[in-house]
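Just below is one structure, and these are the notes that go with it.
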Amino acid sequence: MLFNLILIGIILFLLFMLSMVWPPDSPWAPWWRTNKKTAKAICKIAKINSKDVIYDLGCGDGEALLQAAKFGASGIGIEIDPLRVLIANLRVIKNNFQNKITIKKSNFFNEDLSKASVIIVYLVPKTLEKLLPKFKKELKKGTRIISYKYEINLPLKSFDKQNQLRLYVI
Ligand SMILES: C[S@@+](CC[C@H](N)C(=O)[O-])C[C@H]1O[C@@H](n2cnc3c(N)ncnc32)[C@H](O)[C@@H]1O
């Protein structure tokens with residue numbers, strides 16, 4: 001019995017480690033997430049307010065959208081992994097933000113981003129590079145993009161070094 005539990009533990013740990021190197025557009029993509037402190041810093045650097053429509057591309061468990069909703073903003077979370085979609089939806093319900101946040105199970109490359117006033121991304125550089133032409137084509141002038149950890153090839157408006165947040169404005 002104990003041996004079986006240890007074996008299951010080792011297998012789960014190996015799967016978790018494997019998820020760190022899995023391609024970012026697969027449901028096994030990294031389980032790295034934005035914590036509450038960073039999510040609050042995102043709202044601060046982007047000056048998020050009640051008029052904002054936020055698109056969180058690869059929203060994970062929805063932490064950034066939940067924080068943004070506390071500032072009155074509306075949010076659309078686009079997430080490819082069904083498990084994370086489920087977790088994000090449960091968190092939206094738990095926080096009673098059903099009227100503010102929609103979580104969509106989809107590939108963000110297939111979604112129209114033109115209604116966004118703010119884009120939030122925590123994605124690997126390769127994916128950000130692939131998204132750039134879409135940003136340039138679809139985002140309206142003045143849209144703020146906040147990228148956690150990784151750079152986007154756009155003129156940098158502001159950098160929060162402590163929280164590794166970069167702000168770009170289209
Ligand atoms: C590094 S995690 C960040 C999760 C969340 N944004 C956070 O900060 O906590 C990247 C997320 O993007 C999702 N993802 C990657 N490629 C995607 C795609 N093409 N469409 C939708 N979601 C995607 C992954 O499933 C994963 O949840």
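The values are calculated or read from the model by the stated rules, or taken from the named source; none is laboratory data. Predicted, not measured: the structure shown is a model, and the values here were computed from it. We place every Cβ from the backbone using ideal geometry, glycine too, and count neighbours over all the protein chains shown. Surface accessibility is based on the protein's heavy atoms, side chains included, excluding ligands, DNA and RNA. Shrake-Rupley method; radii C 1.70, N 1.55, O 1.52, S 1.80 Å.
Taking Glu138, is it within 18 Å of Val169 (Cα to Cα) and either under 15 Å from the mean Cα position of the chain (by Cα) or surrounded by 15 or more Cβ atoms within 10 Å (Cβ to Cβ) (or both)? Write out each step before concluding.
Numbers: within 18 Å of Val169 (Cα to Cα): yes; either under 15 Å from the mean Cα position of the chain (by Cα) or surrounded by 15 or more Cβ atoms within 10 Å (Cβ to Cβ) (or both): yes.
So Glu138 fits the description; yes.
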For the range 86-111, pairs from a residue that is within 15 Å of the ligand (Cβ to nearest atom) to a residue that is assigned to a strand (DSSP E or B) and open to solvent by 70 Å² or more (accessible area, probe 1.4 Å), with Cβ under 8 Å and 6 or more apart or across chains, are Glu111/Lys104
Among (1) near the ligand (Cβ under 10 Å from one of its atoms); (2) on the phi < 0 side of the Ramachandran plot; (3) modelled with pLDDT of 95 or more, Gly62 falls short only on (2)
By residue number, the members of the range 31-54 that are assigned to a loop (DSSP other than H, G, I, E, B) and within 19 Å of Leu123 (Cβ to Cβ) are Trp31, Trp32, Arg33, Thr34, Asn35, Ala46
* Out of all the residues in the range 101-116, is one or more at pLDDT below 95, open to solvent by less than 40 Å² (accessible area, probe 1.4 Å), under 15 Å from Ile146 (Cβ atoms) and under 15 Å from the mean Cα position of the chain (by Cα)? -> no
Of (1) surrounded by fewer than 22 Cβ atoms within 10 Å (Cβ to Cβ); (2) within 15 Å of Ile146 (Cα to Cα); (3) in contact with a helix residue (DSSP H, G or I) (Cβ under 6 Å, 6 or more places away or on another chain), Lys47 fails just (3)
Scanning the range 112-143 residue by residue, those under 16 Å from Gly77 (Cα atoms) and more than 11 Å from the ligand (Cβ to nearest atom) turn out to be Asp112, Leu113, Ser114, Lys115, Ala116, Ser117, Val118, Ile119
